[in-house]
Structures are given as C-alpha cells and as structure tokens.
1. Counting only residues that are within 16 Å of ligand 2 (Cβ to nearest atom) and either surrounded by fewer than 22 Cβ atoms within 10 Å (Cβ to Cβ) or of a type in the set (S, T, N, Q) (or both), how many does segment 247-276 have?
2. Report whether or not Ala152 is in contact with a Leu (Cβ under 8 Å, 6 or more places away or on another chain), assigned to a loop (DSSP other than H, G, I, E, B), buried (at least 20 other Cβ atoms within 10 Å of the Cβ) and at pLDDT 95 or above.
3. Counting only residues that are of a type outside the set (Ser, Thr, Tyr) and in a helix (DSSP H, G or I), how many does segment 189-227 have?
4. Condition check: part of a loop (DSSP other than H, G, I, E, B), away from ligand 2 (no atom under 16 Å from the Cβ) and under 13 Å from Pro311 (Cα atoms). Does Val177 satisfy that?
5. Where residues in segment 59-99 are in a loop (DSSP other than H, G, I, E, B), away from ligand 1 (no atom under 16 Å from the Cβ) and of a type in the set (D, E, K, R), which of them is surrounded by the fewest Cβ atoms within 10 Å (Cβ to Cβ)?
6. Any residue in segment 126-135 that is under 19 Å from Val85 (Cβ atoms), part of a helix (DSSP H, G or I), of a type in the set (A, V, I, L, M, F, W, C) and within 16 Å of ligand 1 (Cβ to nearest atom)?
7. Quick one: would you say Glu335 is among the acidic types (Asp, Glu), open to solvent by less than 60 Å² (accessible area, probe 1.4 Å) and in contact (Cβ under 8 Å) with a residue 60 or more places away in the chain?
8. Filter segment 194-208 down to the residues that are open to solvent by less than 20 Å² (accessible area, probe 1.4 Å), away from ligand 2 (no atom under 16 Å from the Cβ) and of a type outside the set (S, T, N, Q) and list them by number.
Amino acid sequence: MAHQVRAVVARGKGAPVSLETIVVPDPGPGEALVKIEACGVCHTDLHYREGGISADFPFLLGHEAAGVVEAVGEGVTDVAPGDFVILNWRAVCGQCRACLRGRPWYCFNTHNAKQKMTLTDGTELSPALGIGAFAEKTLVAAGQCTKVDPAASAAAAGLLGCGVMAGIGAAINTGNVGRGDSVAVIGCGGVGDAAVVGSNLAGAAKIIAVDIDDRKLATAKKLGATHTVNSSQTDPVAAIRDLTGGFGADVVIEAVGRPETYRQAFYARDLAGTVVLVGVPTPEMQLELPLLDVFGRGGALKSSWYGDCLPSRDFPMLIDLYLQGRLDLDAFVTETIALDEVEKAFERMHHGDVLRSVVVL
Ligand code: APR
Ligand code: ZN
Ligand code: ZN
C-alpha cells in the first residue's frame, strides 16, 4: 500500500518551493517508513532549490529530521515500528575499505531507500541528501534511522541530523578538543555555534568566538563562548594570539568556508595546533600558503565531514546529554514553523537572524 502525504517539493531551478501531495511506498527490504515529527531548514535545502547541488529536479527537500518509525521492511532488525529516531544522511556499510580501516565517516557505500517516492502523476522525486523529510512521511534505508530517547523534543533532536552535529562533531570528533584547551571558532552561524557548544562539552578552558556580525557574537556568548572578536573591526589572528598568551589557540575551527577565514585559522593556531575546516568552500576557491609556514608551524590541517560522526554512537549520547540539561539543543531552535512556511524560512536565512527554523508536523 502506498501512502499519499503532503510534502515540500522544489520543482525547478530557483523556483519557490511548493506544497504537493506525494506518494510514498511501503518499505521494501532494508527500508523504513518514518512519520516525520520535525525537520530543520538547512542551507543545503536552499542550495538544492537553487540547482547548486544537482540538476535532478524535482527535489523532495528536508534532511534534518526526527520522527517515529511507522513500518519496516524485510530484514530490518535495528529499528522497529514505534521507535523515535533521528535520520542521518550517511548510513555506512561497515564493509568497505574506509569502514574496515576505522574511518566509517568516509564510507564509500552509504545507502538510501531503493524504492522511489513520486508525485501523484508518477514523476520520481529526488530526496535531498537521500532523506526528503519536509513531508508527513518519508522512506529511508533503515540504516538512516538511529533510535534515541523519545523524551527528547523532536524539534531539538532533528537538529542533530545535520548542522548541529557538524559543528559539535568538528570540535569533539575531528578537532579532538580536550580539557583545558583553547579553541577559536571563526564564523558563528548554526554550525560555528554548535562548535562552541561542542568545545564547551569537551572541557575547553577558553572558547573564542569570531564573526563579523555582533548579533552572532552575542548568541555565541550565550552558548558558551568565553571571548568574542569582531573580525570586521579587529585583526582576528592578533586578537586570538593576545587572548592565548601570545601563542594562538590549540584548535581553530573554521565554520565559514572561505579562503580568507581559512588563512586566519591557519595563523591563529598555536604551533603544532589543529585547524578544522567545517565550512564548505565552492569549487573555484583556492588558498595559497607559504610551504615553509605549513612545514614550520606543524600540527594538523583537517576537514570535518558531517562532524565525522557515527550516528549510532553520537546521536544517543548527545540526546542523553540534552535530557540531562548539559547540552542546550533548544537554544538552536529560533522558530517552529508549518510545512507551508519553508519558502519564508529561506528568506529569513538571508537576514542572518535565525539559527534554525524548524518545521514541526
Ligand atoms: N569572518 C568571520 N565570520 C564570517 C565571515 C568572515 N569573513 N563571513 C561570514 N561570517 C559569518 C556570518 O556572519 C555567519 O554568522 O559566518 C557565519 C556563517 O553562518 P551561516 O551562514 O548561518 O552558516 P552555517 O549554517 O553556520 O554554516 C557554515 O558550514 O557546514 C558548513 O555549508 C556550511 O559552509 C557552511 C558553513
Ligand atoms: Zn544540512
Ligand atoms: Zn563502508
């Protein structure tokens, strides 16, 4: 039996999204049908709508979601109907070289549902990041569902499915921030703020937030930054060195994705420190650095891919911290909106006064 539900679809490049009726099949082998309870609006959804990620319109948008499993297909044992789950866009295989070498976040064989969701006229939909959760129900691979404590609010839990996990993971998984470390975070949008929160969780002694917008710095401070630097007024490299006894930060997390901020990150870290690039650059961006500085300053230059997370390890742990009051995920939910307000949320994104708009169903 197929299910007809309402969903947010991007029909063509740059066109406003529309609320449509879609057809979701019952789960086949290895698949799960999930009743969506909440889904955050991420920049990547907007990039899909603008045609910046692929040309496979129409897209079923939404990929930062939590909900309840309604049905599972043959062979599914890890989740069952009634489970409260967070969806992830990298269900790893466990068998490829990357998985076997202990780097599953670089798995080559991540999988999604095999069956297609369609419009009522039979047109196949491309689900954003293999999820498509701006919908009353969606079909995913069972491995894309991670069971977590149902006491968590769905709006908060869903955020771990993308941006907030990317930021927290950049600090705790990729940057390996440790107790007593000094950390600088360049760019304090949703991802950078989550890196501030992750650094705090990891026990960093100093967390320096850098942004060009004072409103962003005020939010970062509320979320645990110990110092703030407005880099449109002050040289951030000098400021970070001043705040760290002249040395530079142990870990610098770049959450903008631009050459100039990466360069700042490179020079703002202590000798032998770590730079984590979590901001996503565009294909034409280039960075030139004196090789002698790369050699002489030592340390590690890393990028963080989805916070280098393992959903089955990280989601339940972070939800437990949230329920204990030690991780404020609610602070990332600026507004909750209805399914037909996604286009408006895209407009608000440009104004920079929203950490996350979250569709609640
Ligand atoms: N220096 C410092 N901060 C800057 C600069 C700059 N030159 N340019 C922009 N910023 C700040 C913005 O003011 C904003 O607070 O960077 C922040 C970017 O935040 P968002 O646009 O909200 O983006 P976010 O969702 O946090 O994602 C950041 O991480 O995962 C990636 O694709 C994502 O590349 C994006 C980045
Ligand atoms: Zn996202
Ligand atoms: Zn694999």
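The values are calculated or read from the model by the stated rules, or taken from the named source; none is laboratory data. It should be emphasised that the depicted structure is a prediction, and the values quoted were computed from it without experimental measurement. Here the Cβ is made from the backbone with ideal geometry for all residues, glycine too, and neighbour counts use every protein chain on show. Quick note on the areas: whole protein, heavy atoms, side chains included, nothing else; ligands and nucleic acids left out. Shrake-Rupley method; radii C 1.70, N 1.55, O 1.52, S 1.80 Å.
1. 1
2. Yes.
3. 19
4. Details: part of a loop (DSSP other than H, G, I, E, B): yes; away from ligand 2 (no atom under 16 Å from the Cβ): yes; under 13 Å from Pro311 (Cα atoms): no.
No: the conditions fail for Val177.
5. First pass over segment 59-99, keeping only residues in a loop (DSSP other than H, G, I, E, B): 61-64, 73-83, 88-96.
Of the ones still in play, those that are also away from ligand 1 (no atom under 16 Å from the Cβ) are 73-83, 91-96.
Those still in the list that are of a type in the set (D, E, K, R) too: 74, 78, 83.
Working: Glu74: 9, Asp78: 14, Asp83: 19.
Looking at residues that are in a loop (DSSP other than H, G, I, E, B), away from ligand 1 (no atom under 16 Å from the Cβ) and of a type in the set (D, E, K, R), I get Glu74.
6. First pass over segment 126-135, keeping only residues under 19 Å from Val85 (Cβ atoms): 127-135.
Add one more test, that the residue is part of a helix (DSSP H, G or I), and what stays is 128-130.
Still in the running and of a type in the set (A, V, I, L, M, F, W, C): 128-129.
Filter once more, so that each one left must be within 16 Å of ligand 1 (Cβ to nearest atom): 128-129.
Yes, the conditions are met somewhere in segment 126-135.
7. Working: among the acidic types (Asp, Glu): yes; open to solvent by less than 60 Å² (accessible area, probe 1.4 Å): yes; in contact (Cβ under 8 Å) with a residue 60 or more places away in the chain: no.
It is false that Glu335 is among the acidic types (Asp, Glu), open to solvent by less than 60 Å² (accessible area, probe 1.4 Å) and in contact (Cβ under 8 Å) with a residue 60 or more places away in the chain.
8. Selection gives Val196, Val197, Gly198, Ala204, Ile207, Ile208.
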